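J.: First the structure, then my questions, so here it is.
The values are calculated or read from the model by the stated rules, or taken from the named source; none is laboratory data. Here the structure is a predicted model, which means the values were calculated and not measured. Note that we place each Cβ from the backbone using ideal geometry, even for glycine, and neighbour counts take in every protein chain shown. In case anyone asks, the SASA skips ligands and DNA or RNA and just uses the protein heavy atoms, side chains included. Shrake-Rupley method; radii C 1.70, N 1.55, O 1.52, S 1.80 Å.
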Amino acid sequence: MNIKKMGSIRFKFFRYVGNTPIIPIKINILAVFVILILLSAFSTNLISIMLSQRKTMELSNAVMIDKLAALYNVCNSQKQIESYSQDTENCIQSICESAMIGFSDREENSLAFGVKEDGSFLFFASPNGELIWDRFDDEDAFSIMENSESGQGRIDFKTSDGDDYFGVYKYHPDWQAYIVRANQKAESNRAMFHVIGLTVGIIILLVLFFVFMGMKILEGLLANINSFSEQMYSMQKNKELEPLKIDGAPNDDITYLASNFNNLSSTINNLLQIFQKFVPENVVRKAHLEQDINLEGKQRELTILFSDIKSFTYRTEVLGNDIIGLLNVHYESVIRKVSENRGIIGSIIGDAILASYGIEEEYLGTKSLDAIKSAWEITAVTAELREKMARQRAELEKTRPFTESEERVYKAIMLDVGVGIDGGNVFYGNIGSTRRMANTVIGDNVNSASRLEGLTRIYKVPVIVSQYIRDEALRNSEVAERYTFYELDTVQVKGKTEGVKIYFPLDRYCPAREWDYGSYCEKLDVFEKGLAEYYAGRWKEARTWFKKADIGLCDVFLERMGLGDAPENWSGIWTMTTK
């Protein structure tokens with residue numbers, strides 16, 4: 001039996017898991033029996049009362065039929081008198097007086113009337129002598145009378161005030177009106193409700209007595225369950241699965257269930273450990289807490305990091321199956337760095353990973369800053385791996401030179417990565433079907449992060465970010481102290497209609513020697529001067545500055561400009577022809 005918490009009410013005598021009360025089994029058992037007893041008692045008594053009421057209604061109908069017959073005879077006689085006297089008004093008045101005499105003291109809300117075919121009243125009589133409504137306007141009831149083949153029968157109708165009546169009618173052809181005798185339903189039901197109320201009160205008193213006695217008996221019988229319930233409540237509260245303590249428990253079916261629970265909890269813990277290796281950790285946590293994963297998603301403002309290994313096809317051709325071992329070494333460090341900076345690995349596609357920042361509801365950091373930190377730490381651990389391989393090569397070459405095949409293998413294992421970062425509104429959620437689904441992020445910013453990673457090969461820098469990332473990261477005071485954002489270019493990537501600025505966030509604390517801040521920032525300062533001339537269309541001056549900077553980044557601009565001048569209507573935006 002499930003009892004759900006209503007609104008914000010919390011009962012102190014219940015333990016709670018979240019907002020759900022833990023109902024003791026003895027209360028559930030008693031509740032079932034109480035409900036069954038109540039249903040049995042109410043249904044039998046209600047059936048008895050309803051049958052009695054039905055009999056009463058039949059008797060009431062018989063009485064009304066007799067009174068209708070008497071009233072009908074009065075209408076016959078008054079019609080004959082009216083045919084001689086031509087005094088219609090007095091004849092109708094006589095009918096009303098006869099109808100009034102027919103009301104008993106108990107019929108305070110009864111009616112007698114004659115209704116013409118146009119809905120107007122021939123006569124109208126009630127115990128208080130008042131006309132309670134101007135015309136008979138219950139169309140459904142009137143339709144029943146009109147369509148009756150015998151011209152008589154039983155009828156239910158409503159007055160204009162909404163009061164319900166039941167009665168009998170008979171058509172009088174001479175007066176061309178339906179003669180009706182009716183009683184108010186509420187009057188006939190009042191006695192029945194009184195009996196029902198008295199019966200309910202007696203039943204409830206008896207049930208409360210038996211509930212008290214039942215709880216006393218069940219407390220002794222279910223002591224074993226209470227012990228296990230306490231332990232499971234503690235596990236639920238701590239969000240951990242632990243074996244139940246069953247030492248000293250009686251040898252009954254409850255202890256047998258507890259033993260099986262211990263086996264199940266061990267299996268679940270093993271499955272969770274396996275599950276979290278294949279599914280994003282936030283999805284694992286949600287599945288563990290909510291016990292369900294649905295096809296759902298919504299718009300979220302996230303930061304997306306895309307990292308890819310450069311020249312991966314060449315490395316695969318050289319290393320063959322050994323590429324798997326190399327990837328595992330690489331990802332061991334990469335995934336750890338992303339997780340340490342509160343990123344969530346969304347997918348691993350061959351040599352590329354997609355990570356998202358800001359997914360967790362309780363995330364309080366600057367997601368773009370965490371993504372930039374991850375990018376540089378990935379760059380640093382990859383550079384460290386290359387330096388380690390270089391030192392090992394140097395040791396081996398002291399004994400003999402490398403063969404051609406060894407040289408190819410060495411180049412293949414010297415991994416280099418590019419990282420692209422963009423952010424904004426994306427769709428985040430679960431897609432697929434109820435049989436197979438995947439947790440994913442979808443949106444233009446996801447594609448943009450992938451394209452920015454591809455640009456790292458062109459601009460020969462390890463990390464490229466969008467203006468969104470730069471602007472959001474600079475809101476954190478730590479960023480200005482650690483990173484300097486150098487504008488690289490304004491490009492119109494494939495699939496876009498407008499140019500976007502891209503940036504290289506040089507890390508002051510990056511341990512990789514090839515990206516030493518002290519020496520590289522000076523060259524980038526020179527590059528920035530060349531970029532300004534490039535944007536202005538003064539390509540001759542730009543070439544001078546780019547050559548003076550003497551870094552790989554400048555090669556793309558020197559190749560792009562060639563020896564010529566800027567084209568007419570130069571906007572400073574370069575259109576990319578590849579993704």
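J.: Please compute the alpha carbon radius of gyration of region 510-570, then divide it by the globular-protein estimate 2.2 N^0.38 Å. Two decimals is fine. Could the numbers behind the result be given before it?
T.: Values: Rg = 12.8 Å, N = 61, 2.2 N^0.38 = 10.5 Å.
Its radius of gyration relative to the 2.2 N^0.38 Å reference: 1.22.
J.: Long-range amide H contacts for VAL417: which residues qualify at under 5 Å (H placed 1.01 Å from N, peptide plane, sequence gap of 5 or more or a different chain)?
T.: Result for VAL417 returns LYS310.
J.: I would also like to ask the following. Please say if region 390-487 is rounded, prolate or oblate, where rounded means a/c under 1.5 for a ≥ b ≥ c the square roots of the C-alpha gyration tensor eigenvalues, and otherwise the choice is prolate for a/b larger than b/c and oblate otherwise? Walk me through the numbers on the way to the answer.
T.: Details: a/c = 3.13, a/b = 1.57, b/c = 2.00.
In terms of gyration-tensor shape, oblate.
J.: Taking θ = phi - 60°, what integer Hz values does the Karplus form 6.51 cos²θ - 1.76 cosθ + 1.60 yield along region 357-368, in sequence order, with x for Gly and Pro?
T.: 10, x, 6, 4, 4, 8, 5, 10, x, 9, 4, 5
J.: Which entries in LYS310/LYS548; LYS523/LYS548; LYS411/LYS460; LYS298/LYS373; LYS67/LYS170 show an alpha-carbon gap greater than 20 Å? Walk me through the numbers before you get to the answer.
T.: Values: LYS310/LYS548 28 Å; LYS523/LYS548 8 Å; LYS411/LYS460 18 Å; LYS298/LYS373 27 Å; LYS67/LYS170 12 Å.
Where the Cα-Cα span goes over 20 Å, the pairs concerned are LYS310/LYS548; LYS298/LYS373.
J.: Can you work out the Karplus-derived ³J(HN,Hα) for every residue in region 81-88? Use 6.51 cos²θ - 1.76 cosθ + 1.60 with θ = phi - 60°, whole Hz, and x for glycine or proline.
T.: 4, 5, 5, 8, 8, 6, 9, 5
J.: Straight-line reach from LYS388: which aspartates and glutamates have a Cα under 20 Å away, not including same-chain ones fewer than 8 places off?
T.: List returned: ASP322, GLU332, GLU377, GLU397, GLU406, GLU407, ASP416, GLU514, ASP516.
J.: Hey, another quick one. When ranked by the protection proxy of mean other Cβ atoms within 10 Å per residue, highest first, what sequence do the peptides 498-506, 357-365 form?
T.: Details: 498-506: 19.0, 357-365: 14.6.
With the highest mean Cβ count within 10 Å placed first, the list reads 498-506, 357-365.
J.: Now a separate question. For ARG436, ARG470, give the ranking by accessible area with the largest first, probe 1.4 Å. Kindly include the intermediate steps, with their values, before the conclusion.
T.: Working: ARG436 170, ARG470 65 Å².
Ranking ARG436, ARG470 by accessible area, largest first, yields ARG436, ARG470.
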